[in-house]
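Chemist: The structure follows.
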Amino acid sequence: MAADRDGFGGKIGRTISESSPWWPETPKPRDGSPNVVVLLFDDTGFSHFGCYGSTIETPNIDRLAAGGLRYTNFHTTALCSPTRACLLTGRNHHSVGMRAVSNFDTGFPNMRGFIPTSAATLAEMLREQGYGTFATGKWHLAPMEQCSAAGPFDHWPLRRGFDQFYGFLQGETDQFHPELTRDNHHIEPPASPDEGYHVTEDIIDRSIGYIRDQKSLLPEKPFFLYCCFGATHAPHQAPEALLAKYHGRFDSGWDHARDTWFARQIELGIVPPGTQLAPLNPGVRPWDELSADEQAFAARLQEAFAAFLDHTDQQIGRLVEFLDSLDELDNTLVLLLSDNGASQEGGPAGVRDEFKYFNGIPEDISSAIEHLDEIGGPHSHSNYPWGWAQAGNTPLKRYKQNTHAGGVRDPLIIHWPEGIADKGGIRHQFHHVTDLLPTVLEVIGVDAPDHFNGVAQQPVAGVSMAYTFEQAGAPTEKKTQYFEMFGHRGIWHEGWKAVAFHRAGTDFEEDEWELYHLDEDFSECNNLARERPEKLRELIERWWAEAGEHHVLPLDDRTVQLFAGSRRPGTTRARDPFIYYPPISHIPSDASPPLGNRSWKLTAEIDRSSPEQQGVMAAVGTINCGLTFYLKDRHLVFDYNWFGEHTKVVSAEEVPLGEVVVGVRFTRVDNRGEVVLTIGDREVGAGGVPRILRMISSTGLDVGRDGLSGVTNDYEAPFEFTGSIARVIVELVPRAPRPEDRELEARVELARE
């Protein structure tokens, strides 16, 4: 008798001799399908790689360029999560709910902080074709409030097409003390900085391990590796030997670097002769106008950046050598790119800790200069100043977040020895990050599905770039591409670009649109808005049409203030009180209680049988900034770390043995804090915090320990509580928006502009 159970295609009789076995066909790509490797940098500018003009040493990236193609007219979205969403889906970022970073959900379809199921990812498509799929490094495509151990996990890598994941879910992480996740659970770093640990090396180790396992067990199965570095997003951190390597190399300043890099770009053919070097961006001073201390600080920040990039290049070299040792390199399609231009988030002077930018706090150079030797190491969280960011975008204007070329024109290298004959070739066709998915699909010979897992799919917006592999001088097959980020707007159409810089809080109708003929004006220096008003009107109208088609609206220019958005029902933040039962996993910042810029109360129900039992009850942040509440030497201690300035409050009484409730009450008074320590109902210590943070840290909450770098040097992390903790309860005091808060937001926006 025949059977159709679960689509069975054989025959089932009464006995095995009367039956015919059958096995479902295993998905298998066509013969010769290449492996696919994406190497994605973060906040790396157009000129930062050696093969794009800089004097920073990137020999392994340069080697990929020499064996493949460099693109000079490739574009992204100007921000990380949106570019990643475009890369993995082939759709524009607004269409897939990723107008800005995944930390935000504004309540509108263009900003949900996750990719909808109507846009299958490249990993999902390739896995359907029989590929092994691995993601390592930065993700930042899930709502961050959903990235705690409680999930939900719908938008984590394993639910969006990847077989395995090792990396970090947030937009940035400390390179020496990362908030690591493996598959669907948070883990501790496998080693410490003292043991030589750096997360970039760890990411490459895991990438190699995933590939080694698959090629050992199923050598005929191709793989897709999506490897996203923390580099070169802040914090800029690197091993000491590489920091020392770059000491003194940038003492001549950013003006000299821009001139040198620009000349190299013209010599390399990356930039056409006759291109103008864009003038210094607003707020960037000529190097010789800086004081000696300002120059020393800025140079050291750039050294840390260069060391970080150099170190990452070395790890790419390890991966490439490994692929070569397996005889897989020739048939591996490598796409190496950056997600946006160089970052402006270091402000005009640079910062020892990037969170000064997010708190609207200018760097105190006189203080910073005393800590030069810490920059780039485990006790810094640095980002460089605007002058060095613009140097990284040479010869362009503006930065990450802007829709001028400095924000959206980025390096792209494609390396595939079996499919690209023009080794070291340069391509000048206009393309966009949405075009990478169609390129990969064409190379492996499949089409994007109309339906995936029963869900109708959005049309793919990108066009394949595969024609450029053999046709160096072919006209671009891309016709139009819009841009929008935080109200900044732009559109490219058939060689022309209209672009508007938007000042946050102003009427969008007041924006001044500029017009450039990019086919003749690489660096957007010759504004033709007055000479060609009809062309400008045409492009502005086309922008509005594209905005309607790709769900750009409503326009929204909010940035920093969205980090303090409403706590939506059903999330880990939508509660009060917060009750934790340790031991529990580390809680990412967006899933932690929002303790910045407000009053709150924390209590811990502890039990100790010995006076020697001690440790942390709760901690947020790192050695750079944060707060911690702990018991040491029989006394309660609260430490508020304001960028290395510690306010420590110690209880006057010893904590009794046995079961006891201890607590800290933090009251905001204007822009300072008042702290009270309690044992039971008694107040046992008090003190004042002279200045408080609006955003405390990108590193979240630990309960019962301080698991990463440690907020204070008063103990050695993780300093786990050695008694027992029944519960830790955090209660928030409601707050109303204040004029001071709006002024802070305005200061941050002013710094951006």
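Chemist: Among the residues of region 12-51 satisfying the criterion of being of a type in the set (D, E, K, R) and modelled with pLDDT of 95 or more, which is surrounded by the most Cβ atoms within 10 Å (Cβ to Cβ)?
Modeler: Applying the filter and picking the extreme gives D43.
Matching residues to (1) outside any strand (DSSP E or B); (2) within 30 Å of P385 (Cβ to Cβ):
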site: D6; (1), (2): yes, no
site: S17; (1), (2): yes, no
site: W22; (1), (2): yes, no
site: P27; (1), (2): yes, no
site: D31; (1), (2): yes, no
site: H48; (1), (2): yes, yes
site: I61; (1), (2): yes, yes
site: R70; (1), (2): no, yes
site: S81; (1), (2): yes, yes
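Chemist: Out of everything in region 128-171 that is at pLDDT 95 or above and of a type in the set (D, E), what residue ends up being surrounded by the most Cβ atoms within 10 Å (Cβ to Cβ)?
Modeler: Among residues in region 128-171 that are at pLDDT 95 or above and of a type in the set (D, E), the one surrounded by the most Cβ atoms within 10 Å (Cβ to Cβ) is D163.
Chemist: Within region 501-518, identify whether any single residue is among the charged types (D, E, K, R), in contact (Cβ under 8 Å) with a residue 40 or more places away in the chain and closer than 22 Å to Q276 by Cβ, and answer yes or no.
Modeler: no
Chemist: Tell me, which strands (runs of 3 or more DSSP E) lie completely within region 117-195 with 1 or more residues that are aliphatic (A, V, I, L, M)?
Modeler: Counting at least 1 such residues, we get 132-138, 180-182, 185-187.
Chemist: I've got another one for you. Regarding region 93-108, can at least one residue be identified that is farther than 26 Å from H155 by Cβ and either modelled with pLDDT under 95 or touching an Asp or Glu at 6+ places or on another chain (Cβ under 9 Å) (or both)?
Modeler: Checked region 93-108: no residue is farther than 26 Å from H155 by Cβ and either modelled with pLDDT under 95 or touching an Asp or Glu at 6+ places or on another chain (Cβ under 9 Å) (or both).
Chemist: Here is a further query. Does G107 meet the test of being without any contact (Cβ under 8 Å) to a residue 24 or more places away in the chain, on the phi > 0 side of the Ramachandran plot and part of a loop (DSSP other than H, G, I, E, B)?
Modeler: yes
Chemist: Please go through region 300-359 and pick out each residue that is closer than 25 Å to G32 by Cβ and in contact with a Lys or Arg (Cβ under 6 Å, 6 or more places away or on another chain).
Modeler: L326
Chemist: Have a look at H140, H94, H155 and point out the one that is in contact (Cβ under 8 Å) with a residue 40 or more places away in the chain, closer than 27 Å to Y482 by Cα and either of a type in the set (K, R) or in contact with a Phe, Trp or Tyr (Cβ under 6 Å, 6 or more places away or on another chain) (or both).
Modeler: When all the criteria are applied, what remains is H155.
Chemist: Determine which member of the set L323, L337, L333 is touching a strand residue (DSSP E or B) at 6+ places or on another chain (Cβ under 7 Å), closer than 15 Å to K400 by Cβ, hydrophobic (A, V, I, L, M, F, W, C) and in contact (Cβ under 8 Å) with a residue 24 or more places away in the chain.
Modeler: Every option except L337 fails the conditions.
Chemist: Something else about it: Quick test for you: out of V616, V664, V669, pick the one residue that is under 19 Å from N713 (Cβ atoms) and under 36 Å from the mean Cα position of the chain (by Cα).
Modeler: Testing whether each residue is under 19 Å from N713 (Cβ atoms) and under 36 Å from the mean Cα position of the chain (by Cα) leaves just V616.
Chemist: What is the residue count in region 18-42 for residues that are touching a Gly at 6+ places or on another chain (Cβ under 8 Å) and of a type in the set (D, E, K, R)?
Modeler: Looking only at that region, the number is 3.
Chemist: Which of (1) within 30 Å of E520 (Cα to Cα); (2) buried (at least 21 other Cβ atoms within 10 Å of the Cβ); (3) polar (S, T, N, Q) is the odd one out, the single condition Q237 does not satisfy?
Modeler: Among (1) within 30 Å of E520 (Cα to Cα); (2) buried (at least 21 other Cβ atoms within 10 Å of the Cβ); (3) polar (S, T, N, Q), Q237 violates only (1).
Chemist: Sticking with this structure for a sec: When region 223-269 is examined, which residues are found to be in contact with a Cys (Cβ under 8 Å, 6 or more places away or on another chain) and in a loop (DSSP other than H, G, I, E, B)?
Modeler: Once the filter is applied, which keeps residues that are in contact with a Cys (Cβ under 8 Å, 6 or more places away or on another chain) and in a loop (DSSP other than H, G, I, E, B), region 223-269 yields only H233.
Chemist: If you go through region 337-378, how many residues are surrounded by fewer than 20 Cβ atoms within 10 Å (Cβ to Cβ) and either among the β-branched types (V, I, T) or part of a loop (DSSP other than H, G, I, E, B) (or both)?
Modeler: Number satisfying all stated conditions: 7.
Chemist: Given the options D410, D435, D422, name the one that is under 20 Å from Y52 (Cβ atoms), in contact (Cβ under 8 Å) with a residue 12 or more places away in the chain and either outside the structural domain of G97 (by TED's automatic domain parsing) or surrounded by fewer than 24 Cβ atoms within 10 Å (Cβ to Cβ) (or both).
Modeler: D422
Chemist: Taking H517 as the residue in question, decide whether it is out of contact with any Cys (no Cβ under 9 Å at 6 or more places or on another chain), at pLDDT 95 or above and crowded, with 17+ Cβ neighbours inside 10 Å.
Modeler: Here the answer is no, as H517 does not meet what is asked.
Chemist: In region 683-690, is there at least one residue being closer than 30 Å to F168 by Cβ and either touching an Asp or Glu at 6+ places or on another chain (Cβ under 7 Å) or modelled with pLDDT of 95 or more (or both)?
Modeler: Yes - at least one qualifying residue is present in region 683-690.
Chemist: Suppose we filter region 186-239 for residues that are more than 21 Å from W139 (Cβ to Cβ) and of a type in the set (A, V, I, L, M); how many remain?
Modeler: 4
Chemist: Touching a helix residue (DSSP H, G or I) at 6+ places or on another chain (Cβ under 6 Å), in a loop (DSSP other than H, G, I, E, B) and more than 30 Å from I420 (Cα to Cα), is that true of E531?
Modeler: no
Chemist: Let me ask something else. Give me the residue from region 253-264 that is under 27 Å from the mean Cα position of the chain (by Cα) and closer than 22 Å to N526 by Cα and, out of that set, surrounded by the most Cβ atoms within 10 Å (Cβ to Cβ).
Modeler: Among residues in region 253-264 that are under 27 Å from the mean Cα position of the chain (by Cα) and closer than 22 Å to N526 by Cα, the one surrounded by the most Cβ atoms within 10 Å (Cβ to Cβ) is W261.
Chemist: Hey, another quick one. Can you tell me which residue in region 430-457 is farthest from S118 (Cα to Cα), limited to those that are of a type in the set (S, T, N, Q) and in contact with a Gly (Cβ under 9 Å, 6 or more places away or on another chain)?
Modeler: T439
Chemist: Determine whether P189 is at pLDDT 95 or above, crowded, with 23+ Cβ neighbours inside 10 Å and at negative phi.
Modeler: For P189, the condition - at pLDDT 95 or above, crowded, with 23+ Cβ neighbours inside 10 Å and at negative phi - is not met.
Chemist: Tell me the strands (runs of 3 or more DSSP E) entirely within region 571-680 that contain at least 2 residues that are among the small types (G, A, S).
Modeler: The strands (runs of 3 or more DSSP E) meeting that bar are 615-621, 658-669.
The values are calculated or read from the model by the stated rules, or taken from the named source; none is laboratory data. Just so we're clear, the structure is a prediction, and the values are computed from it rather than from any experiment. Every residue, glycine among them, receives a Cβ derived from its backbone with ideal geometry; neighbour counts consider all protein chains shown.
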